[in-house]
1. So which of A:Lys294/B:Lys78; A:Lys473/B:Lys178; A:Lys29/A:Lys101 end up more than 20 Å apart, counting from Cα to Cα?
2. Taking every Cα atom in segment B:354-445, find the radius of gyration and the maximum pairwise distance Dmax, and write them in Å.
3. Could you let me know the centre-to-centre spacing of segment A:443-467 and segment A:168-240, using Cα atoms, in angstrom?
4. On average, how much area does the Cα convex hull of segment B:221-518 cover when viewed from any direction, in nm²?
5. What's the longest bit of chain B with no exposed GluC sites (Glu not before Pro), using DSSP loop states and at most 14 other Cβ atoms within 10 Å as the test?
6. List the residues of segment A:317-359 whose backbone N lies under 20 Å from a point placed 7 Å from the Cα of A:Tyr414 along the Cα-to-Cβ direction.
7. Per the Cauchy relation, a quarter of the hull surface: what is the mean projected area of the convex hull of the alpha carbons in the protein assembly as shown, in nm²?
8. For A:Leu513, what residues show an amide H to amide H distance below 5 Å, using hydrogens built from the backbone and excluding near sequence neighbours?
There are 2 protein chains.
Amino acid sequence: MGEEKPMELTAGDELSKKALKKQQKEAEKAAKKAERKAQVQMQQDAIDKEDISVGKYGQLNMIQSKEAYKERNFIHVKELNKKLENQTVWLRGRLHTSRAKGKQCFIVLRQQSYTVQGLAAVNEQISKQMIKFISNITKESIIDIEAIIKIVPAIIESCTQKDVEVHIQRIFIVSAAKPQLPLQIEDAARAVNESDDTGLNIKVNQDTRLDNRILDLRTPANQAIFRVEAGVCKLFRDILTAKGFVEIHTPKIISAASEGGANVFTVSYFKGNAYLAQSPQLYKQMAIAADFDKVFTIGAVFRAEDSNTHRHLTEFVGLDLEMAFKYHYHEVIDTIGQMFTELFKGLRDNYADEIAAVHQQYAVEPFKFLDPPLKLEFPQAIELLSEAGVTLGEEDDLSTPDEKLLGKLIKVKYDTDFYILDKYPLAIRPFYTMPDPNNPKASNSYDMFMRGEEIISGAQRIHDPDFLTERAKHHGVDIEKIRSYIDAFRYGCPPHAGGGIGLERVVMLYLGLDNIRKVSMFPRDPKRLTP
Amino acid sequence: MGEEKPMELTAGDELSKKALKKQQKEAEKAAKKAERKAQVQMQQDAIDKEDISVGKYGQLNMIQSKEAYKERNFIHVKELNKKLENQTVWLRGRLHTSRAKGKQCFIVLRQQSYTVQGLAAVNEQISKQMIKFISNITKESIIDIEAIIKIVPAIIESCTQKDVEVHIQRIFIVSAAKPQLPLQIEDAARAVNESDDTGLNIKVNQDTRLDNRILDLRTPANQAIFRVEAGVCKLFRDILTAKGFVEIHTPKIISAASEGGANVFTVSYFKGNAYLAQSPQLYKQMAIAADFDKVFTIGAVFRAEDSNTHRHLTEFVGLDLEMAFKYHYHEVIDTIGQMFTELFKGLRDNYADEIAAVHQQYAVEPFKFLDPPLKLEFPQAIELLSEAGVTLGEEDDLSTPDEKLLGKLIKVKYDTDFYILDKYPLAIRPFYTMPDPNNPKASNSYDMFMRGEEIISGAQRIHDPDFLTERAKHHGVDIEKIRSYIDAFRYGCPPHAGGGIGLERVVMLYLGLDNIRKVSMFPRDPKRLTP
């Protein structure tokens, strides 16, 4: 199980791009060769000229775990501050930028989102050759520096560590970056409405970013986005675990497609076929029928929809939950609503720096929510829309533009970016949705919204096998195909409700981003399977 | 994203079993019809005979969220104790067993793993008809009971709540179970070496269990196993998060199979093909190249191996981690080793009841571990085996029986069920494994074991693109096919190491179980895709 198989290797780019790439590669190869030659020459020069700095700089041998250097006092760039004045420390980071000026060289060293200015100047310890070596290090190379921390007279605006700089004593390249980068981190990190120094205002487009994701992910906003995403998962789990939920794992490979089989990926399974699960719903419900009472699961969910929009992926992460209740599904709505309130509080309180880092690049209004959350019924939404001039029938579903407008109307009226819409029309929900006992046209179902986009859809499920059969027939579903689903309720099953949340949508909408690909580390859509 | 698609529906059983099933179904249908008829008759009788208990028992209407009954004082069966003597409470649970004896009826009510005795006897409140109704409730039906808690004179050995029973005042069926169950919970829950009252000693075989998983999962051991599994995930995440790791999500659908493409499931992806990821390794390494420093991910992993053993699944849950280090991969080994020590402590301290519940059915030696964990080098293992009469060459891999034997030898010598084996021969590890700088036949790689079975395999990865290319060529790997993997290291990448852990194996071996299907809620193997 734990064996590490040779990992998967992405095949690379489309055939049509190959020729171009090859040319680029050759050019780069030549450049690299020249670079190396220069370095070798430089090192030779150093020896020739009785370099006083010999042994204090250079390209390290590949780190192969030969030595541990436990005596080296490494600290993180983010920890550098005035209190450490005159201390000698080791730092490992990337060469973010460098600028040689006569006998001295300024660099910016970056470690994750944190940056500090470094300085080397020719003196009795540091040779001209060493300065030359530093000024030739390629951007994004990983370097080790031994340096003395010094307080600076004037604030350094361009670095996160503003009141200190480090004076380089020794400097070694751990892992050199290619001289040509397919994108510049500064360009990828530039605030949406900001122009650059050159006035060219270079933007990096989405595909270039995604094609070179390992570079793109190094920007402060991206470093922050995926920490917020980890935070959403952590909060979801911690909040539900505290409420007595049990985490389960459900299979992704399933034996039969949903009715119709639309939007399902087919898998070759030994001598037969199988399918990729579009939702863990059946398995969550089986866990409820198996007495787990309250369950959640986080895992990959697959949709073979040819939708090329800002909010659709073919593979995303589902945060799913299901809960038995005593007599009323509002016990479940209230639990989910409370979970979201606690989640939003947790993000606000524990991820303020990350949220600020994202908003520095992508300026948006902070996310607003009420405690307890706003809950409206479907007819109230229809009325709000009607007041705004959009007329819908009582059994019509909301279109995406309707939802967007509704979100704006609700924001104006209630000052919240999160709300719950209860009591959807029965006609527009799946067959297993429990009808409203008091209104034949309504159902015990709900959606929840963030900034006017749906992030969770859920309902009380029918737990009675005979009634489920009746409703399936009413919907024209082939009973034979869903027999094992219906049978899951034949050995006693408590009433229950639940829902499925799209992780990436929650992160995108919480942060106010405009494209779901920004919040999926390696997104999958109908046109993208790499990297 | 969050929309709930109509869920997937398992197609059901093989054709060959259909005829038999149909017969069974018809018999059950007839039985159910008779049952219903009897119930209707009984209710009619009650009315006819001026039943003094009318309204105090019966089949509830399907709970459709019409009323909330917030005034009902529900408590969990596990909370029932002497201190609550004479209190009236509501309970919801399953009818575990019932036994009518003249004018009284004893039941055992089960809620998850907890059981309490219930009693109803004919008196001025309770009619003969009500007793008859209770005695006719089918096993596993979900019922609501209003009852008074009473202390019992003698301990009730057969229930988890031993010093109280409940005197039934009202009783309603919430969800009736079919009269015939494909397996009995008592049989499925019976301790491996225990005989039953009848002396028949009925065991439930693995396939019957899995075919009827929603019933099988209701046993105390299964309720506990999946709580321990949730605990392993929680501890893994909490321990690593505290150590500064970031949770990431990696795609399961990938564009190219690993070299050779063996053991990979193929997916139809719109007009082309894609594959299911056999490991998140490439993506974890890209996250390291993208400055996330320390990452973990929990998710589905797929292996298209036609292995029908006690420890192979075609889909399992991977607990993967990857970590940049400064100079020596032992920084990573130590982190993983410490993670396991903390994990074992966390299980021991926080899941003692669950572990005991599993061991009540499956008796095994408790899991032993050392703090810090035992770390041996590969040649030491070869020597231990050699002393025991098993001769291996210095570049031979350990077979599964070798590993089992080694586990036993180490248990005897060091009294630990967990240990780390470092420095595997280079020849038997994948091309991306960093060679040992001090020994040309060894590598910077390791496996870790629980009860003599491997649960994690890992290594320092080669982070230098040129050396990686050289090693790939040495292994005969087609460089073109792994170009994008190699390219991930061209923009500077810190030295790093990691590993992949099989969740189910950890749970199986920690608990000392004999089959991985016992610890996968809905297992997938070459022969099983349902439920």
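Rule-based calculations on the coordinates, nothing more; no lab input. Remember, predicted model here, so these are calculated numbers, not experimental data. FYI the Cβ positions are ideal-geometry reconstructions off the backbone, even for glycines, and counts take in every protein chain you see.
1. Details: A:Lys294/B:Lys78 16 Å; A:Lys473/B:Lys178 22 Å; A:Lys29/A:Lys101 29 Å.
Check vs 20 Å cut-off fails for A:Lys473/B:Lys178; A:Lys29/A:Lys101.
2. Using the Cα atoms of segment B:354-445, the pair Rg, Dmax is 15.9, 50 Å.
3. The two parts, judged by their Cα centres, are 37 Å apart.
4. Working: hull surface 64.9 nm².
It is 16.2 nm².
5. Values: sites that count: B:Glu3, B:Glu14, B:Glu50, B:Glu67, B:Glu71, B:Glu85, B:Glu124, B:Glu157, B:Glu194, B:Glu394, B:Glu395.
Longest site-free region, per DSSP loop and neighbour criteria: B:195-393.
6. Residues A:329-346 qualify, since their backbone N sits under 20 Å from the label point.
7. Working: hull surface 193.5 nm².
For the protein assembly as shown, the mean projected area of the Cα convex hull comes to 48.4 nm².
8. none
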